[in-house]
Amino acid sequence: MTNTASEAETQETADGVEYTPHSMMHKAIVRMDPTKLEMLDGFERTDSGHKFVPEDSNVRVIVSGRDWFEKRILIYGSTSSEEAREHVETIIERVTAVDHDAELIDGPEITNIAVNGDLGTPLTLESLSVELSEQGVDFEYEPEQFPAAIVKLDDPPVTFLLFSTGRFVIQGLRGFEDIEPAIERIQSLIE
């Protein structure tokens with residue numbers, strides 16, 4: 001893997017909440033000749049398609065699709081769109097190395113960004129559970145089963161894991177521009 005710039009650098013909102021985008025999921029579509037991917041080095045057949053694990057990386061790539069020619073490639077765990085593109089290009093190179101055609105026709109585009117951060121203040125999740133549930137917020141908190149509260153927002157459509165320490169994780173973000181509005185929305189609900 002070459003040195004790719006990470007989009008997963010710590011940022012700060014206007015009111016001082018630190019957050020870090022730490023993992024992304026990308027989707028790409030590649031048109032390729034029929035190829036038995038499990039015959040290529042580094043590919044493994046799974047129930048959901050073919051898994052490719054790049055060397056020296058925490059990234060996982062799944063290649064799937066019923067159509068012989070168009071394959072959907074999902075890249076899990078990349079820290080930048082550039083890194084995701086490099087993994088797709090590696091797959092294309094491996095397919096073309098066995099004299100089969102392969103070309104990128106769409107993407108990779110971000111489909112999910114995971115963010116973690118700290119609101120900077122401890123939270124009383126039991127009382128928040130009652131308060132926010134009464135306001136109609138989708139709020140689940142079962143401390144015997146999981147140490148965080150699960151809060152599902154409609155606008156923006158994301159899921160927060162809120163910990164009593166004030167730390168949080170956001171899932172379901174579709175773009176970097178949605179991160180700060182999501183944090184602002186959760187702050188407005190817990191104030």
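Being open to solvent by less than 70 Å² (accessible area, probe 1.4 Å), assigned to a loop (DSSP other than H, G, I, E, B), touching a helix residue (DSSP H, G or I) at 6+ places or on another chain (Cβ under 8 Å) and within 15 Å of I186 (Cβ to Cβ) is the filter here, so list the residues in segment 119-145 that pass it.
L119, L123, V137, Y141
Determine whether A8 is open to solvent by 70 Å² or more (accessible area, probe 1.4 Å), modelled with pLDDT under 90 and among the aliphatic types (A, V, I, L, M). Step through it out loud before you land on a result.
Numbers: open to solvent by 70 Å² or more (accessible area, probe 1.4 Å): no; modelled with pLDDT under 90: yes; among the aliphatic types (A, V, I, L, M): yes.
Here the answer is no, as A8 does not meet what is asked.
Considering only residues that are open to solvent by less than 80 Å² (accessible area, probe 1.4 Å) and either under 22 Å from Y19 (Cβ atoms) or assigned to a strand (DSSP E or B) (or both), which ones fall in segment 93-108?
The answer is A102, L104, I105, D106, G107, P108.
Considering each of T90, T111 in turn, give the residue that is part of a helix (DSSP H, G or I), surrounded by 12 or more Cβ atoms within 10 Å (Cβ to Cβ) and among the polar types (S, T, N, Q).
After ruling out the rest, the residue left standing is T90.
Please go through segment 154-180 and pick out each residue that is of a type in the set (A, V, I, L, M, F, W, C) and under 13 Å from the mean Cα position of the chain (by Cα).
V158, V169, I170, L173, F176, I179
Can you tell me which residue among R85, R72, R45 is closer than 18 Å to L104 by Cα, part of a strand (DSSP E or B), open to solvent by 40 Å² or more (accessible area, probe 1.4 Å) and modelled with pLDDT of 85 or more?
Going through R85, R72, R45 in turn, the sole match is R72.
Got a number for residues in segment 113-131 being under 21 Å from the mean Cα position of the chain (by Cα) and not hydrophobic (A, V, I, L, M, F, W, C)?
Residues that pass the stated criteria total 3.
Which condition breaks for M24 when tested against (1) in contact with an Asp or Glu (Cβ under 8 Å, 6 or more places away or on another chain); (2) without any contact (Cβ under 8 Å) to a residue 12 or more places away in the chain?
(2)
Take segment 160-191 and flag every residue that is assigned to a loop (DSSP other than H, G, I, E, B) and either open to solvent by 70 Å² or more (accessible area, probe 1.4 Å) or closer than 23 Å to G77 by Cα (or both).
Residues satisfying the conditions are T165, R174, G175, E191.
The values are calculated or read from the model by the stated rules, or taken from the named source; none is laboratory data. Note that this is a predicted model, so its numbers are computed, not measured. Methodologically, a virtual Cβ is constructed for each residue, glycine included, from the backbone with ideal geometry; neighbour enumeration extends over all protein chains shown. What goes into the accessible areas is simple: the full protein's heavy atoms, side chains included, and nothing from ligands, DNA or RNA. Shrake-Rupley method; radii C 1.70, N 1.55, O 1.52, S 1.80 Å.
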